[in-house]
Every structure is written in C-alpha cells, then in structure tokens.
1. Could you figure out which of (1) open to solvent by 20 Å² or more (accessible area, probe 1.4 Å); (2) in a loop (DSSP other than H, G, I, E, B); (3) farther than 17 Å from residue 14 by Cα isn't true of residue 373?
2. Only one residue in 139, 86 is over 18 Å from residue 226 (Cβ atoms), part of a strand (DSSP E or B) and at pLDDT 95 or above. Which one?
3. Is there any pair with a first residue in region 187-211 that is outside any strand (DSSP E or B) and a second that is more than 16 Å from the ligand (Cβ to nearest atom) and of a type in the set (Val, Ile, Thr) whose Cβ atoms are under 8 Å apart and which are 6 or more apart or on different chains, and what are they?
4. Would you confirm, using the coordinates I've provided, whether residue 173 is buried (at least 21 other Cβ atoms within 10 Å of the Cβ), under 30 Å from residue 312 (Cα atoms), within 16 Å of the ligand (Cβ to nearest atom) and modelled with pLDDT of 95 or more?
5. Only one of (1) assigned to a helix (DSSP H, G or I); (2) surrounded by fewer than 15 Cβ atoms within 10 Å (Cβ to Cβ) fails for residue 100. Which number is that?
6. Do any residues in region 229-254 that are touching a residue at least 40 places away in the same chain (Cβ under 8 Å) have Cβ atoms under 7 Å from those of residues that are among the charged types (D, E, K, R) and more than 15 Å from the ligand (Cβ to nearest atom), where the two are at least six apart or on different chains, and which pairs are they?
7. Just to be sure, is residue 116 in the same structural domain as residue 175 (by TED's automatic domain parsing), away from the ligand (no atom under 16 Å from the Cβ) and small (Gly, Ala, Ser)?
Amino acid sequence: MRFADGVSALDLNSGLWNVPLGYRNARVGEAVMAAMTVGSYGGVFRRSSVAAEEVAERLVHLWPRGTYGKVLFATSGSAANDAVIKLSRLHRRRLGRSDRPVVVSFEGSYHGQTLGAMGLSGEDLLQGEMLTAPHEFVKVPVDDSDRVRQILDSHGTRISAVFIEPLQGTGTRPMDDAVLQEIFEARRRHGFLVIADEVATGFGRTGVMFRSARWRESADLVVLSKALTNGTQAASAILVGSEVADVFAAQGAIFPHGETQAGSLWACAAMNAVLDEFEERFGMVTADAQLPETRSMEQFLDKVSAPSMGLQVRGEGMFYTITGTEDFDGLAVGERLRSAGLVVHAGLHSIQLAPPFVLSHQQWADAAETLKEELHRVCADG
Ligand SMILES: Cc1ncc(COP(=O)(O)O)c(C=O)c1O
C-alpha cells in the first residue's frame, strides 16, 4: 500500500481481512474486467442465472454431498446475516411455531452493521440506543458451557437460530469445543438452526478452507463474504442446509429476499476466479482442506518471538492477535509499524495480523524482522 504521506507498507491485514490473494491478483482482476465487457448488469432477483448457478454448484460441492442444498446471494456480510435471521424465523413458522422468536449470539461477537446484524453483535455498537426490540437478541458467554446450556434451555423452542463465528474476529478467539457441543445438543432438544458466520474466517483465514467444516456436526447455514471475491465486489453468499431447504420446498414456501446487486455477473466472475485460485494455487478442493501457507505464518510468529517480550499471542492459521499489558498502546504501535513499512490492524492494547496468503519468502522474512524490532523497541521503552 502507498499512503498519501508517501509511506509504502506491506499490508499484513489483507485489507479488511478480505484480500488474501493480494491486491493485484491478475486472475480475479481479469475475470471481473471480462464480465464487465459482457454487460453492465445481471442479477438473480426472482430468477437465477447461469453464472450464479455455476458458482453455487462449486460452493456446494466443496462440502460432503447433501450437506448444503441451496445458495442465496446478498451484497455484504451484514445483509446476509439479516437475511439469515429472517430465514430462520420463517423456518420456525413453517415448522408450526408462532410465538415470538429470539436469536442467540456470543458476547464479544461481530456480525455487522445493518439492524439485525448489529443486534446479533456482542460488541458495543450503541445497540441500546438504536434497537427497538433488544429482547429478541440473546447473548451467551464464550467460555462457560454450563451457562450456555442454561440460557439456551431457558428460551427453548423460541430460539430460531444460534449464530457462531468459528473464531471471533475481534481478538481472534477460537470457538470453545465444550460450548460448541452444548449448542449442538441444544439444537437436538429445541430445533433451532445453527449458523456458521464465516464472513471473516471463510477461505482459509483460520488455516482451513472453512473452519466450520471441521466441526463435529454441520451448521445448518454458512455465511460467506469478504474473501469470497478477494475484496473486489460487494458480495456475500449463504449456503443453506439441504434439510432446511426441504422444509420450504415441501410446503411450496418461498423465502423473500432480493437485493438488486446480489449475485451480479461481476460478483460471480470474481467468485469463480477466487475458487480457481484456491483450487489451483493451494490445492484446496474441499471445505475442510488445509491451507499450506499456515507453515509460513507459524515460522513468522516464531521469529517475531512476541511471548519472550511478555506479549500474548492468540489465534489460528493466518489470523492472530498480539496483546500487551494496559500500557501497550496498540494504536501508537500500529502507527509506528506503518512508518516502518507494515500495516496491521491496531486495537487499544493489541495489534492484529491477517496476512495475505501470497507473500514471498523475502516478504515474510522482512516483515518478521521489522515487527520484531518494533515490538522490541516498544516493550523496552515501556
Ligand atoms: C464475522 C463477521 N460477520 C459479518 C461481518 C459484516 O460484514 P460486512 O462488513 O461485509 O457487512 C463481518 C465484518 O467484519 C464479520 O467479521
């Protein structure tokens, strides 16, 4: 990246975690440009398209046969999560439940900015001042499986869906296995839908193509965005479980959700090119495939040796947070790093790393040296 003040820096945040294949990915760029010459618009409102069906089939075929049966398109992670809230409520209705539903999500989570997605988010986004029905959004703790069971059982069949980030983007906290297990067991008791919000984690960010593909049981719906088009298009996709789709199909019921630009020709061209890249460059042809590049990330973290400076490192795959004590000024560290040639995502007392998957050996080595030096300086200066 080149900034207006003349600083040039390597982006270790991959844009907003959405450009894992690099800013100048030729395949994605050329595919989008070629689609632009075909026509200025082609969407999927009240219909499908050849381009959208091709992408949908490719996404579904990454998973074990029969796991996901339909794909819906939207234009952002937020819009997709709102669509999923609506879908989960209609699903409940189709199963004959008509009392007021609630949706469940985690403390500290982030699901987006639109009204529903903001309601889901556990981070403080001033929900208290803007939500008119806050009681419809129930939060559970990330690390207390007993409490999660109690809360889920107290709402029982009123729950339409539980939204899970397989690894919370904020703080790169991996999902607790015991909590996940409670959610699956509660799903059997109460019949709600489990949603994997893979907007940030999808396409290799945690070191696996899709992190929820390694769960013991499948999510009913999976939400994808960000890397889906390598950051080139406002696009998202929702994989709908075959059983969920069957409930609607059996009753001839529709799910009304249509966004003008969803599933556009340009977005589909970008999605196809991204899938080609993951297949050909990294050999990732299944939802649970391992990203080979995680080895470089591990070596990079070893070289930086943040723990020896008293810094905590947490995360998975290609997604890590380095946290310091109260006096670690993450924003100042972020600015120092930018001047030294590295872009990171700065928090109050932490910095976050979500590097692209296409760095050269030299870029990894230089980045490790710069980061180590700067962290060392900051820790030594106090
Ligand atoms: C897990 C998760 N869900 C949803 C969103 C919202 O996506 P968008 O910014 O495309 O609306 C984000 C964005 O960071 C996210 O990380």
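1. (2)
2. Details: 86 fails: part of a strand (DSSP E or B).
On inspection, the qualifying residue turns out to be 139.
3. 190/157; 190/159; 191/157; 192/157; 192/159; 207/294; 209/286
4. So residue 173 does not fit the description; no.
5. (1)
6. 240/70; 241/220; 244/220; 245/70; 247/94; 248/94; 251/94; 253/94
7. Details: in the same structural domain as residue 175 (by TED's automatic domain parsing): yes; away from the ligand (no atom under 16 Å from the Cβ): no; small (Gly, Ala, Ser): yes.
In short, no.
Matching residues to (1) outside any helix (DSSP H, G or I); (2) assigned by TED's automatic domain parsing to the domain that holds residue 66; (3) of a type outside the set (Phe, Trp, Tyr); (4) surrounded by fewer than 20 Cβ atoms within 10 Å (Cβ to Cβ):
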{"position": "276", "(1), (2), (3), (4)": "no, yes, yes, yes"}
{"position": "322", "(1), (2), (3), (4)": "yes, no, yes, no"}
{"position": "333", "(1), (2), (3), (4)": "no, no, yes, no"}
{"position": "348", "(1), (2), (3), (4)": "yes, no, yes, yes"}
{"position": "352", "(1), (2), (3), (4)": "yes, no, yes, no"}
{"position": "359", "(1), (2), (3), (4)": "yes, no, yes, yes"}
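The values are calculated or read from the model by the stated rules, or taken from the named source; none is laboratory data. Model, not experiment: these values are computed from the prediction. Heads up, the Cβs are rebuilt from the backbone with ideal geometry, glycines too, and the neighbour counts pull from every protein chain shown. Accessible surface areas use protein heavy atoms only, side chains included; no ligands, DNA or RNA. Shrake-Rupley method; radii C 1.70, N 1.55, O 1.52, S 1.80 Å.
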